[in-house]
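Report on the structure given below.
The values are calculated or read from the model by the stated rules, or taken from the named source; none is laboratory data. The structure displayed is predicted, hence computed values, not measured ones. Cβ coordinates were reconstructed from backbone atoms using ideal geometry, including for glycine residues, and neighbour counts include every protein chain displayed.
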Amino acid sequence: MPLSTATERELIHLRDISLRGYHRADGLFDIEAHLRDTKTRGFDGLDRPGGRIEPGEPLHDMWARMTVDEDMVIVAFEAVTAYGPFDVCRQSGRHFDRLAGLTIGPGFLREANARVGGIDGCTHLREMLQQMATTAYQTLWPVRLRRAEEHRRQLAEAGQAPAEEARPVLLNTCYGYADTRDAVRRRWPRLYRGSGSEAAGAADGTT
């Protein structure tokens, strides 16, 4: 791995999160997430057989499926807790269908928390929402790109100029998309605010 060599240590806890994006036959998109927590040592678990959670046995095992359309509107949401620290945790996903109708974009997490926050939801299921949202963006990116290209082609055939692109939502949201970075210069030249030296620095590793 590219990290520095670790000090001698003992593995205690494993949290595995996987996310998948699917294009459905009906044109919608499914974003599925799976979270699983296990430990290398057993510990007390009052609602488990024998009152114990053994090494490798899931403390949390949670699944979520979010269905969205091409406009990133949530059509349906399903959440299931197969394992939790308490039996009642199996009911923690029942309110997540309230997320239907929300649009993934600015303010999404705030609106989602208003619907399934606190005692109406589950901390760990909510934690997956941000990752599911970014996975939705990655899944729909080629589809939305093709749609935009087709729109530009139709405008060109009609002899119409495309409207000026709105401010990209990715601009200044991370290191790579800072308006002083070469990625912005190449992708959105009119929004670039750098000096031009950043590209050279990236090539020699100084930026």
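Odds and ends about this structure:
- Selection from region 78-107 of residues that are farther than 29 Å from residue 45 by Cβ and in contact with a Phe, Trp or Tyr (Cβ under 9 Å, 6 or more places away or on another chain): 98, 99, 100, 102, 104
- A search for C-beta distances below 7 Å between a residue of region 36-53 that is over 26 Å from residue 18 (Cα atoms) and in contact (Cβ under 8 Å) with a residue 12 or more places away in the chain and any residue that is of a type in the set (Phe, Trp, Tyr) and surrounded by fewer than 17 Cβ atoms within 10 Å (Cβ to Cβ), counting only pairs 6+ apart in sequence or on different chains, returns 47/86.
- Residue check, residue 177 touching a helix residue (DSSP H, G or I) at 6+ places or on another chain (Cβ under 8 Å), under 30 Å from residue 30 (Cα atoms) and either at pLDDT 85 or above or in the same structural domain as residue 105 (by TED's automatic domain parsing) (or both): yes
Yes/no per residue for (1) under 30 Å from residue 169 (Cα atoms); (2) of a type in the set (A, V, I, L, M):
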site: 12; (1), (2): no, yes
site: 33; (1), (2): yes, yes
site: 83; (1), (2): no, no
site: 91; (1), (2): no, no
site: 99; (1), (2): yes, yes
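- Unmet criterion (only one of (1) modelled with pLDDT of 95 or more; (2) loosely packed, with under 14 Cβ neighbours inside 10 Å; (3) in contact with a Leu (Cβ under 8 Å, 6 or more places away or on another chain)) for residue 86: (1)
- Residue within region 47-56 that is hydrophobic (A, V, I, L, M, F, W, C) and assigned to a loop (DSSP other than H, G, I, E, B) present: no
- Of all residues assigned to region 96-104, none qualifies as being more than 15 Å from residue 67 (Cβ to Cβ), out of contact with any Asp or Glu (no Cβ under 8 Å at 6 or more places or on another chain) and either surrounded by 13 or more Cβ atoms within 10 Å (Cβ to Cβ) or of a type outside the set (Gly, Ala, Ser) (or both).
- Among the residues of region 1-34, those identified as of a type in the set (Ser, Thr, Tyr) and in the same structural domain as residue 66 (by TED's automatic domain parsing) are 18, 22.
- Residue match in region 148-165 (condition: under 29 Å from the mean Cα position of the chain (by Cα), at pLDDT 75 or above and assigned to a helix (DSSP H, G or I)): yes
- Within region 35-56, the set of residues being closer than 16 Å to residue 82 by Cβ and either surrounded by 16 or more Cβ atoms within 10 Å (Cβ to Cβ) or not assigned by TED's automatic domain parsing to the domain that holds residue 99 (or both) comprises 35, 36, 37, 38, 45, 48, 53.
- Sub-8 Å Cβ pairs linking a first residue in region 132-161 that is in the same structural domain as residue 109 (by TED's automatic domain parsing) to a second residue that is among the hydroxyl-bearing types (Ser, Thr, Tyr), at least 6 apart or interchain, are 139/22, ordered by first then second residue.
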